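Here is the structure we will look at.
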Amino acid sequence: MAAALPPVTATSGGTRGRPEAWVTWESGKMAAPRAMGPGPAPLLRITAECGRSRARAGELRLPHGPVPCPVFMPVGTRGTAKGVTAAQLAALGCRICLGNTYHLGTRPGPELVQRAGGLHGFMDWPHNLLTHLPCTAPQDSGGFQMVSLVELSEVTEEGVRFRSPYGGEEILLSPEKSIEIQNALGADIMMQLDDVVSSTTTGPRVEEAMHRSIRWLDRCIAANRRPEQQKLFAIIQGGLDPALRTKCLEEMTRRDVPGFAIGGLSGGEEKDRFWRMVKLSTDRLPRDKPRYLMGVGYATDLVVCVALGCDMFDCVFPTRTARFGSALVPWGSLPLKNKQFAKDFRPIDENCDCPTCQRHNRAYLHALIRSETAALHHLTIHNIAYQLNLMSSIRENILAQRFPEFVREFMSTMYGARERVPPWVVEALATVGITLD
């Protein structure tokens, strides 16, 4: 028998049975659950839209303050982004970051976190939090973390059974348990438990996972004990199959959830297929609700996917890249371990106002990077600042109605000659009216 995750005293885990409302959805015998009453105010307030592309600027209205969007959210798996403190994140202008439900639910456990005032109090974070869930795809970005950290045992209708990386015992994470933990953690945005397969998987398993994710969404909605304070997002699945994605979009958008995530991508698939699934999703998602593209963090991908209509992003890319010794810059990255930087006394980026660029030069970071963890800390701060500043620039240009010009300038700086821009980027942007000529 699999062991349950640690108990939570303040909330119940919802029903463990299989209510008819989610058993019979696939057969078409019963309509999807509908919200009762007028419901809460919309989570997203749109303040400007690009006159040509699908890009839009706005803010998420959350309990711990407004969050300007489009927004990049640093990943803090165990209550902190690796290499920086919560105070440093806040000083960089971050107003929402992520926590991992599975890790926090096993160690230190939701009961302890709850006693500390929820995850906000536990990590001393006065701003917003989004808690995401482990899934079964073999990646380690955003929600795609589970296989790299624990051994997947089995996915059943009841939930997902994992082998704990700590004590080796089997753990069952059901939709109800996932919401119970997230209610205890107190995140402002919670993600449903979904059944995810690698984006490169084909065959019947993709359809099975898509249908199960819809049924699990209904169970998560029913289990949420604090829907006014903690906003539950659905996660669109369907792999790289347009028909399955469309079916999932049709069904999940019938549920009255405050936001939607596009899941199951950025897992090694070809970029040409990646952007088409993103656009298919944004074309069909409600205009007035936030669209969260999970696990995406490359600068080019962020710019293109904002143009396609996405509002929220997360990825471990900036912090992981820093731990590998590379600094993100508008023209790519600087591998500061290389000898060419040993006598380079310029900052990482002369136009960057982050603490690292204001205080340290490339030669100093190069000298420390192989032996002192402080260098990785400095790089992490810079890389997070780069991502946040990029999103700020995107917002400002949408508000100023010059987003297409910004995109052309960004691509020119990143790639130089027009011919060097990846063909998928050119094609994706052209579908929303932005040309690079």
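Identify all residues within segment 393-411 that are among the small types (G, A, S) and touching a residue at least 12 places away in the same chain (Cβ under 8 Å); write none if there are none.
First, pick out the residues of segment 393-411 that are among the small types (G, A, S): 393, 400.
Listed by number, the list holds a single entry, S393.
Among the helices (runs of 4 or more DSSP H) lying completely within segment 234-315, list those that include at least 1 residues that are over 25 Å from G332 (Cβ atoms) and in contact with a Gly (Cβ under 7 Å, 6 or more places away or on another chain).
Because the criterion is at least 1 residues that are over 25 Å from G332 (Cβ atoms) and in contact with a Gly (Cβ under 7 Å, 6 or more places away or on another chain), the helices (runs of 4 or more DSSP H) in segment 234-315 that meet it are 242-252, 271-284.
Any residue that is of a type in the set (G, A, S), under 16 Å from G297 (Cα atoms), open to solvent by 10 Å² or more (accessible area, probe 1.4 Å) and free of Cβ contacts under 8 Å to residues at least 40 places away in the same chain - is there at least one of those in segment 323-346? Reasoning before the result, please.
To start, the set of residues in segment 323-346 that are of a type in the set (G, A, S) comprises 325-327, 332-333, 342.
From what's left, under 16 Å from G297 (Cα atoms): 326-327, 332-333.
Remaining after also requiring open to solvent by 10 Å² or more (accessible area, probe 1.4 Å): 326, 332-333.
Filter once more, so that each one left must be free of Cβ contacts under 8 Å to residues at least 40 places away in the same chain: 333.
Taking every residue of segment 323-346 in turn, at least one turns out to be of a type in the set (G, A, S), under 16 Å from G297 (Cα atoms), open to solvent by 10 Å² or more (accessible area, probe 1.4 Å) and free of Cβ contacts under 8 Å to residues at least 40 places away in the same chain.
I need the full set of residues from segment 347-392 which are hydroxyl-bearing (S, T, Y), surrounded by 15 or more Cβ atoms within 10 Å (Cβ to Cβ) and either in contact with a Lys or Arg (Cβ under 9 Å, 6 or more places away or on another chain) or without any contact (Cβ under 8 Å) to a residue 24 or more places away in the chain (or both), in order please. Walk me through how you get there before you give the answer.
Of segment 347-392, the ones hydroxyl-bearing (S, T, Y) are 356, 364, 371, 373, 380, 386, 392.
If we keep only those that are surrounded by 15 or more Cβ atoms within 10 Å (Cβ to Cβ) too, we end up with 356, 364, 380, 386, 392.
Residues satisfying the conditions are Y364, T380.
Looking at R219 and the list (1) more than 16 Å from A261 (Cα to Cα); (2) open to solvent by 20 Å² or more (accessible area, probe 1.4 Å); (3) in contact (Cβ under 8 Å) with a residue 40 or more places away in the chain, which single condition is not satisfied?
So R219 meets the others, but not (2).
Being basic (K, R) and open to solvent by 20 Å² or more (accessible area, probe 1.4 Å) is the filter here; which residues of segment 54-93 pass it? Outline the logic, then answer.
Going residue by residue through segment 54-93, those that are basic (K, R) are 54, 56, 61, 78, 82.
Residues satisfying the conditions are R54, R61, R78, K82.
At pLDDT below 95, of a type in the set (S, T, N, Q) and over 22 Å from G186 (Cβ atoms): which single residue out of T246, T201, T253 fits that description? Steps first, answer last, please.
Working: T246 fails: at pLDDT below 95; T253 fails: at pLDDT below 95.
The conditions single out T201.
Identify the residue in segment 114-135 that is open to solvent by 30 Å² or more (accessible area, probe 1.4 Å) and not aliphatic (A, V, I, L, M) and, among all such residues, is modelled with the lowest pLDDT.
Let us first name the residues in segment 114-135 that are open to solvent by 30 Å² or more (accessible area, probe 1.4 Å), namely 114-117, 121-122, 124, 126-127.
In the following step, the residues that additionally are not aliphatic (A, V, I, L, M) were identified as 114-115, 117, 121-122, 124, 126-127.
Values: Q114: 80, R115: 84, G117: 83, G121: 89, F122: 88, D124: 90, P126: 94, H127: 96.
Among those that are open to solvent by 30 Å² or more (accessible area, probe 1.4 Å) and not aliphatic (A, V, I, L, M), it is Q114.
Looking at (1) hydroxyl-bearing (S, T, Y); (2) closer than 30 Å to R54 by Cα; (3) not in a helix (DSSP H, G or I), which is the one condition that is false for S371?
Just one mismatch for S371, condition (2).
Could you list, in sequence order, the residues of segment 301-318 that are among the β-branched types (V, I, T) and open to solvent by 10 Å² or more (accessible area, probe 1.4 Å)?
We begin by selecting, within segment 301-318, every residue among the β-branched types (V, I, T); these are 303-304, 306, 316.
Within segment 301-318, just V316 meets the criteria.
When the residues of segment 424-437 are narrowed to those that are in contact (Cβ under 8 Å) with a residue 40 or more places away in the chain and in a helix (DSSP H, G or I), which ends up surrounded by the fewest Cβ atoms within 10 Å (Cβ to Cβ)?
So the first thing to find is which residues in segment 424-437 are in contact (Cβ under 8 Å) with a residue 40 or more places away in the chain, and the list is 424-425, 427-429, 431-434.
Pick out the ones that are also in a helix (DSSP H, G or I) and you get 424-425, 427-429.
Values: W424: 17, V425: 22, E427: 13, A428: 23, L429: 23.
Taking the candidates together, the pick is E427.
The values are calculated or read from the model by the stated rules, or taken from the named source; none is laboratory data. Remember, predicted model here, so these are calculated numbers, not experimental data. Please note: Cβ atoms are built from the backbone with ideal geometry, for glycine as well, and neighbour counts cover all protein chains shown. Side chains included, ligands, DNA and RNA excluded: accessible areas come from the protein's heavy atoms. Shrake-Rupley method; radii C 1.70, N 1.55, O 1.52, S 1.80 Å.
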